[in-house]
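One structure is given here, and the rest of the page talks about it.
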Amino acid sequence: MKKRQPKPLTGGKAGHKPAPVTFSLEDLIEHRRLKISSWKHLRNTRLLVILSSPLIYACVLPFLLLDASVALYQFVCFPIYGIPKVPRKDYLVFDRGVLAYLNTIEKVGCIYCSYANGLLGLITEIAARSEQHFCPIKHARRLATAPSRYAKYLPYGDAQAYREQSEAVAQDYSDIPPEAK
């Protein structure tokens, strides 16, 4: 199975789609054998988990609003500032819904999690590119997770570097493949 895992996106050739993962007939038979019906899945789920599920899925509304807002921001503002757009297809990946060993409830959950986590990753990258353009200064303390563009930011407290280099840093997207721009 590890051999079938797709490689991480690295900005391959423009228009190149990775080949879909395929399974042998034996794997598909095994997947079907290991599938648990939705009804059995529900029967084996704790009541509090079932009762809390609406809270989880209610978050789809703010996610959709956030998605629309950030998409509009990127569509309008990035071309104005010369910031390369972040391709949605690199972050919103919905490939688990076809797995034969998942029941309907599990597939819906996988689609929801793929959307939520992919959207947040997309937004994080959009924010990182925005930060590089408008405020490319490293923080005084170490971050738990640094933005993807953080290595390009200028040192904290170095006013001279900021005044001399911030415009160049704001426009330095040379590491992003041209087809992604």
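Comparing Ala68, Ala151, Ala170 along the charge dipole axis of the chain, the residue lying farthest to the positive side is Ala68, per the Cβ-charge model.
Computed from the Kirkwood radius of its Cα pairs, the Stokes-Einstein diffusion coefficient for the stretch 76-181 at 25 °C and 0.890 mPa s stands at 154 µm²/s. Relative to the longest principal axis of the Cα atoms of the chain, helix 47-58 runs at roughly 40 degrees.
The helix-only estimate of mean residue ellipticity at 222 nm for the chain, built from DSSP H runs of length n ≥ 4 each weighted as -39500 (n - 2.57), is -17000 deg cm²/dmol after division by the residue total.
Taking Cα centre as origin and charging only the Cβ of basic (Lys, Arg, +1) and acidic (Asp, Glu, -1) residues, the dipole magnitude of the stretch 89-181 rounds to 240 debye. Look at the dipole of the chain built from charges on Cβ: of Cys77, Leu102, Ala128, the Cα furthest out on the positive end belongs to Leu102. Look at the dipole of the stretch 23-180 built from charges on Cβ: of Leu92, Leu55, His41, the Cα furthest out on the positive end belongs to His41. For the chain, the number of Lys pairs separated by eight or more positions or lying on different chains, with C-alpha atoms closer than 20 Å, is 18. To the nearest 10 degrees, how steeply does helix 60-81 sit against the main Cα axis of the chain, on a 0 to 90 scale? Helix 60-81 sits roughly 30 degrees off the main axis of the chain. The relative contact order of the stretch 23-180 comes to 23 percent, based on Cα pairs under 8 Å that sit 6 or more residues apart.
Sorted from longest to shortest, the spans of the Cα atoms of the stretch 22-80 along the three principal axes equal 54, 37, 10 Å. A simple charge model with +1 on the Cβ of Lys and Arg, -1 on the Cβ of Asp and Glu and nothing else charged puts the dipole of the stretch 23-180 at about 740 debye relative to its Cα centre.
With the Kirkwood sum run over all distinct C-alpha pairs, the stretch 57-136 has a hydrodynamic radius of 13.9 Å. If the viscosity is 0.890 mPa s and the temperature 25 °C, what translational diffusion coefficient in µm²/s does Stokes-Einstein give for the chain when Rh comes from Kirkwood over Cα pairs? Translational diffusion coefficient: 124 µm²/s. Once amide H atoms are built 1.01 Å from N in the peptide plane, which residues 5 or more positions from Leu154, or in another chain, come under 5 Å H to H? Those qualifying (amide H under 5 Å, at least 5 residues apart or on another chain) are Ile137, Lys138.
Only the coordinates and a few stated rules stand behind these numbers; no lab work does. Note that the coordinates shown come from a computational prediction; the quantities given were computed from them, not determined experimentally. Quick reminder, even Gly has a Cβ in these numbers, built from the backbone with ideal geometry, and neighbours come from all protein chains shown.
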